[in-house]
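The values are calculated or read from the model by the stated rules, or taken from the named source; none is laboratory data. None of the values given here were measured: they were computed from a predicted structure. All Cβ positions, even for glycine, are placed from backbone atoms using ideal geometry, and neighbour counts span all protein chains on display.
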Amino acid sequence: MLAPVPGYINAKAFTEAGELCEQVFQSYKYASDPVMAETLTYLHTCCVNGYPVPKAFSSIEDIEKQAYYYGSIYSSQKRNDIKAAPVPSKTVTSGFFTANCKNKIYDWIEKTKPESWKSSVSSVPESAILPHVHQRMLLIHDDFDLNLQDALNVLDRIKKNIATEKETTISDWKNFELYIRCDEAEATPILDTALSYFTENNEIKSSADFSLIKIYLIDEAKRSADYLFARHPLFYPLTLPKRNANEIEKVQNMHLVIFSDNPDHNYAKWLIKEAFWTLPRLCEKINTKISLISPHASEIADSILLDCPGLADFSYHVNRNKSYADTDNESKNIQIDDIPFPEIWYQDTSFSSRSILNTLKDISSSNDYLYFVVDSVSDVGSIKLATRIRELTIRKSVLDGRINSYSKKNFIIAVHCTDPDYAGLSKDLIIPKETEHANKWFNNYNFIPFASIADLYSWDQLNGGVIEEISQCVHLQYCQSSQQKDACYENLKSYFERLYNRDSSFSAAVSMPYRLFEAGITPTPDWSSWDIQDPDAWWNPETRSHMAETYLEKLTDTSVTDAKNEHPSFHQDLVEQLAKYEQMRWCCYQLTRGWLPVEPSQVLQYINSGVSRHTLQIAKLHPCICSWNDLKTLQEILSDEAKREICTSKNIDTLSKEELIPLLNPKFAKYFSYEKDYSYFQKLNYENIEKTADILTNQWHTDQAF
C-alpha cells in the first residue's frame, strides 16, 4: 500500500498519497514501528503541503511527534545533551527564595528558578523571612524532623511579627509560600495544629485580608506515585486496539506489577495505595489487580495494613496462599456491592536468585493487561531490572511466534530514577550491541522514568504545577465558590487551613484522566496516537481545553434548555455513571487514608449518645463509604431521625414544612427532606461531575487568586 506513495509525493499528488497513508495508519495498528514511522513521515509531508490533518491527530506537529515516537528519525523528544539540562522557569514574577540547606535539590531549584528571582541559603530560615514581597521558603534538608521544626519556627516568627509590628499585617504575607520536604502523614497533624494556633490572634482572623500562609508539603514517595499515575495513566493498555475476539475473551485483569527491593518502603507503599483508587472501574468491566514482588513484601504489607486496615479484605499473600483478612481483627469485612475493589497480592521474592525470573515468566505468560513499575535499590538497579523485564517479554513473543504483533507499547514499564541524568537517558535507552540509533522498534526500551528530582523540584513543579491548579479548582467547586477573584481568595483559605482538604482535592485532580476515560474521552480522537511517554499528554492547556469541549458535548443534551435558552440540560444517564465512578474512587481513596465504613444505625447511636462528629473524625469512621444507592438510604435514616422525637398533638404528617423545620433535632436537621428527596450526598458528586469542564480549564483562575 505504501509502495506508490513516494511516487505520488514526487508528482505532488499529496491528496492521493495522504489518503493511502491515512488508510495504512488507521487499518494496521500493529504494523511494525519502521512501517508506522515511514507512514507518518509521508503523512507529515502531505499535510504540510495541504492535505487535511486526519481526525486522529490534533495538528501537523502531533503527526511529527508520533513519527519521532515510532523512530522515524532518531531524536530525543526532550533533549540532545548527555546530561540533563535544567530549563529556567519563564514566570514573569520576581522575588526571593531561601533554602535551609544546600544539596542536589537546592542546586536543581537554583538552575530552574526564574532569572528575576534571587536565592539564598540559611540554617536559620526564620531569620530570612521577608514581608511585602514574593518569597518561597524551601525546607529541603534530608532530615525531615529538622524541616518540620524549621517550619514551626517560620510560622511562629510570622505570627509574632504581625502581633508586634504595627506596620505589618497579615496581608503583607499573602505572597509568602512555605515548602516542606517531609513525610506527609507525619507532618500533617502537627502543621494543622500549628495553623490553628496561627489564627487564634483575633486581629489576624478578623482582618479583611486574612489569608493563611500557603503551605505545600513535598512527600517525595507520595508525589512520585501521584505524578506517575496522573501523567502516565494506568488504563493506557486498555486503549490499545484489540486484535481479535479470542484475545478479548482471554484477558481478565488490568494488572499493575510492582517490582521493588528499595529499602525505602514508602515508594512501594504509596504506589500500591494510589493505584488502589486510580485503577479504572467501569470501563471494559474487567478485574483490576495489584502485585508487589519484593524481598520485603510481607513487611510492606504489614505496614500498609497497619495504616489502612480497610485494605485487608482485598489483600493476599502469594507464598502463604492466604488472605490477610483471615488474620486481621481490624478488618470490617467490607462488602460494597457496586465497587469492584482491586485485589492486592504480595509475593516475597529474592532479587538475587532465579526466582525473580520465574516470577517474571509467570506474569508475562498471563493474558493480563500489564503495567510494570520498577522501584529498585538504585537508579542503575532500576534500569537493569527494567531492561530484564523488556528482554523477557520480547523473548517470549519471539519464542511463541507472536513477534509480528508485538509492540513496545504492549507492556508499560515505569522506572524509578531519582537522578535527572539517569532519568533522561533511561527514556531513550538503546541496545548496546546496535551500531545505529533507535530507528527500529526493538531498539527502544520505551521506559517511563518517574520520581526524578527534575519532576519534583523544578521551579514550576514545586507546588504541583497544573495538577495543583486543578486541585484548587476542585476545592473551590466543592465550596460552591463563584469564579470571581475575591470569592476564590476567600474560599481558598480553607484549602490551606486544613491540609486534609488539599490531599482530598489533589487526589481528585490526579484522577481527572481516569474520569475522562470513564466518559470515553482521551487527548486525541484516535486513542492510539496518545504517547504514553509524554508527561504532558493529558495536561497541556490546549489538550485540556479540547477535552473540556468534548466532555461538554458528550454531557450536554442540547435538545433541552431552560426558558431563556441559556443553560442546556445534561444527559442524566452519563452524569449518573460518572457520579457513581467518583463515589467509587472516593471510597477507595478513603480506605487508603485509613478510614473505615460505619453503618447508619451506628452513626445514630453514636451521635445520640453524645459522640461528636469530631470524635468520628479521630476514629476515621465514615458512613458515606458505601454503595451509591446506600447514600440515599443513609440520608433517609438521618432525615427520619431529625423528626423522630417531635412531640405534637397533630399528626406530624399534617405539619407544613415551615411548621416542621423549627422542631427538628438540630443534630440531624441539615439532612431532613420534607419532599423525601434523599439525594443530599449524591448531589455533591453530581455537581462536581457537571463542573468538570470548568475544573479542567481552570475557570476559577486559581493562579491569580492570590
Would you mind stating whether Tyr678 is touching a residue at least 12 places away in the same chain (Cβ under 8 Å), over 14 Å from Tyr478 (Cα atoms), touching an Asp or Glu at 6+ places or on another chain (Cβ under 6 Å) and of a type outside the set (A, V, I, L, M)?
-> yes
Residue pairs within 7 Å by beta carbon, gap of at least six or interchain, first lying in region 369-398 and farther than 18 Å from Ser452 by Cα, second surrounded by 21 or more Cβ atoms within 10 Å (Cβ to Cβ) and among the polar types (S, T, N, Q), listed first then second, are none
Inside region 311-322, can you point out the residues that are farther than 10 Å from Glu343 by Cα and assigned to a strand (DSSP E or B)?
-> His317, Lys322
List the pairs whose first member sits in region 607-622 and is under 22 Å from Ser639 (Cβ atoms), whose second member is among the aromatic types (Phe, Trp, Tyr) and modelled with pLDDT of 80 or more, and whose Cβ atoms are under 6 Å apart, counting only residues at least 6 apart or on separate chains?
-> His622/Trp595
Among (1) modelled with pLDDT of 95 or more; (2) under 21 Å from Pro597 (Cα atoms); (3) out of contact with any Asp or Glu (no Cβ under 8 Å at 6 or more places or on another chain), where does Trp345 come up short?
-> (2)
Of all the residues that make up region 351-392, how many are under 21 Å from Asp421 (Cβ atoms) and part of a helix (DSSP H, G or I)?
-> 10
Do we find a residue being closer than 15 Å to Ala275 by Cβ, at pLDDT 95 or above and not assigned by TED's automatic domain parsing to the domain that holds Tyr371 anywhere in region 200-222?
-> yes
Test Tyr686 against the criterion of being of a type in the set (Phe, Trp, Tyr), assigned by TED's automatic domain parsing to the domain that holds Thr556 and closer than 30 Å to Pro541 by Cβ, and give yes or no.
-> yes
Select the helices (runs of 4 or more DSSP H) contained entirely in region 590-706, then report the ones holding at least 1 residues which are within 27 Å of the chain's Cα centre (by Cα).
-> 613-619, 628-643, 680-690, 692-696
Filter region 385-407 down to the residues that are exposed (fewer than 14 other Cβ atoms within 10 Å of the Cβ) and among the charged types (D, E, K, R), then identify the one that is modelled with the lowest pLDDT.
-> Arg402
Evaluate the following for Ser656: is it among the hydroxyl-bearing types (Ser, Thr, Tyr) and under 22 Å from Lys683 (Cβ atoms)?
-> no
Scanning region 658-674 for residues that are surrounded by 10 or more Cβ atoms within 10 Å (Cβ to Cβ) and either in contact (Cβ under 8 Å) with a residue 40 or more places away in the chain or not aliphatic (A, V, I, L, M) (or both) gives Glu659, Asn665, Lys667, Phe668, Lys670, Tyr671, Phe672, Ser673, Tyr674
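Residues are listed down the side, and each one gets a yes or a no for (1) closer than 30 Å to Lys29 by Cβ; (2) outside any helix (DSSP H, G or I); (3) modelled with pLDDT of 85 or more; (4) within 22 Å of the chain's Cα centre (by Cα):
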{"site": "Ser494", "(1), (2), (3), (4)": "no, no, yes, yes"}
{"site": "Tyr500", "(1), (2), (3), (4)": "no, no, no, yes"}
{"site": "Ser528", "(1), (2), (3), (4)": "yes, no, no, yes"}
{"site": "Pro535", "(1), (2), (3), (4)": "yes, yes, yes, yes"}
{"site": "Glu542", "(1), (2), (3), (4)": "yes, no, yes, yes"}
{"site": "His546", "(1), (2), (3), (4)": "yes, no, yes, yes"}
{"site": "Tyr551", "(1), (2), (3), (4)": "yes, no, yes, yes"}
Matching residues, region 336-350, being closer than 19 Å to Ile290 by Cα and either over 23 Å from the mean Cα position of the chain (by Cα) or outside any loop (DSSP other than H, G, I, E, B) (or both) | Glu343, Ile344, Trp345, Tyr346, Gln347, Asp348, Thr349, Ser350
